[in-house]
Amino acid sequence: MLKKTILFLLLVATYLPSFSKENKSDLDNLIDTINVLSKKILYGKSDTEKLLANTKLILLLKEELNKPNSFTTSFDSLHSIFQFTAKDKSFRIFNWNVPLANGTRMYEALVQTKVKARTKNKKEAYQLFQLVNKSADIIKPENTVCEYNNWIGAQYYKVIVTNYKKKTYYTLLGMDWNDKLSHKKIIDVFFIDGKGKPKFGSNLFKAPRTFRQRYIFEYTARASMTLNYDENEKNIVFDHLSPPTENLIGNYQFYGPDGSFDFLKFEKGKWVYIDDLDARNRKSKKDKLYNAPTEEPKPQR
């Protein structure tokens, strides 16, 4: 009898780990798989391995997000993927990048948006969009409103939510590693049009003597640029960029921070440009300005 009991306990101990793994929820298994793929995307040995992992990740995530009621599914334990969900649950964004051997990066994003109900009793429904990066084809990127299939690709790391006259504005701060010579930082605006489609860019930025749809800053890859939101002052603060000599004006691969700062202040529904802010006088031990992201951005939710 004792031998049978010992044998039974050994069998239980042998199969218990696999039993636990098999009984993980489908969502847990999916998230585990996506996290493995995310790691391959960032640290794969070749572009082929990274691109294959990226394709699999997109397919898995799209399959899950196309399911009914998927908007309420939590993906908090995903790694290396930026996430943002609007408080009114009108949309959410998933965003990541694929570093390639030639110094460029692919940018990926999926956006779920709420479908407007025609009747009060109709249940909430969402549609899914995969953003298509067309940065290279947009002639005047700072003055163009872009649809989801004509996206200026970036890795987002901050969403600033502002309100004016019962309207909510979503301002995005993003990074574009561009190439081996220059990097870019982007200030953009996200909104949903009347058909529930995601769009980027808005006449929200009041620059000197004109308005623009977004800001794009290009600078040398050998430097880093501060672009962040000052929670205390409620301003977007960024390095002022300039070339080292006058004969290099317009050659942005040589531009870098010159020690002064500019900022955007949200006033009456517009981001108003103000130059030459001496942000150094505002710094304290609690200051959260930083050169984000020079490395891989940490996922935010």
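The values are calculated or read from the model by the stated rules, or taken from the named source; none is laboratory data. Here the structure is a predicted model, which is why all the values come from computation and not from measurement. Here Cβ is always computed from backbone atoms with ideal geometry, including for glycine, and neighbour counts include all displayed protein chains.
For the reader, a short list of remarks on this structure follows.
- Failed condition for LYS87, given (1) touching a residue at least 60 places away in the same chain (Cβ under 8 Å); (2) in contact with a Leu (Cβ under 9 Å, 6 or more places away or on another chain); (3) assigned to a loop (DSSP other than H, G, I, E, B): (2)
- Taken over the range 244-276, the criterion of being more than 30 Å from ASN232 (Cα to Cα) and without any contact (Cβ under 8 Å) to a residue 60 or more places away in the chain is satisfied by PRO244, THR245, GLU246, ASN247, LEU248, ILE249, GLY250, ASN251, PHE254.
- Test: residue in the range 32-44 that is free of Cβ contacts under 8 Å to residues at least 40 places away in the same chain and of a type in the set (Val, Ile, Thr): yes
- Sole residue being charged (D, E, K, R), buried (at least 19 other Cβ atoms within 10 Å of the Cβ) and closer than 21 Å to PHE217 by Cα, chosen from LYS180, LYS140, LYS158: LYS158
- The range 57-75 residues that are over 22 Å from LEU42 (Cβ atoms) and of a type in the set (A, V, I, L, M, F, W, C), paired with ones that are modelled with pLDDT of 95 or more and part of a helix (DSSP H, G or I) (beta carbon under 8 Å, 6 or more apart): none
- When the strands (runs of 3 or more DSSP E) confined to the range 188-277 are screened for residues that are of a type in the set (A, V, I, L, M), those reaching at least 1 such residues are found at 205-207, 215-220, 227-230, 235-242, 256-267, 270-277.
- Near pairs, Cβ below 6 angstrom, 6+ apart or cross-chain, from the range 204-223 (under 20 Å from THR171 (Cβ atoms)) to any residue that is crowded, with 19+ Cβ neighbours inside 10 Å and among the acidic types (Asp, Glu): ARG214/ASP188
- Considering LYS268, LYS206, the condition of being of a type in the set (Lys, Arg) and either modelled with pLDDT of 95 or more or loosely packed, with under 12 Cβ neighbours inside 10 Å (or both) is satisfied by LYS268 alone.
- Any chance TYR126 is more than 18 Å from the chain's Cα centre (by Cα), among the aromatic types (Phe, Trp, Tyr) and assigned to a strand (DSSP E or B): yes
- Boolean, THR226 is among the hydroxyl-bearing types (Ser, Thr, Tyr) and within 23 Å of LYS180 (Cα to Cα): yes
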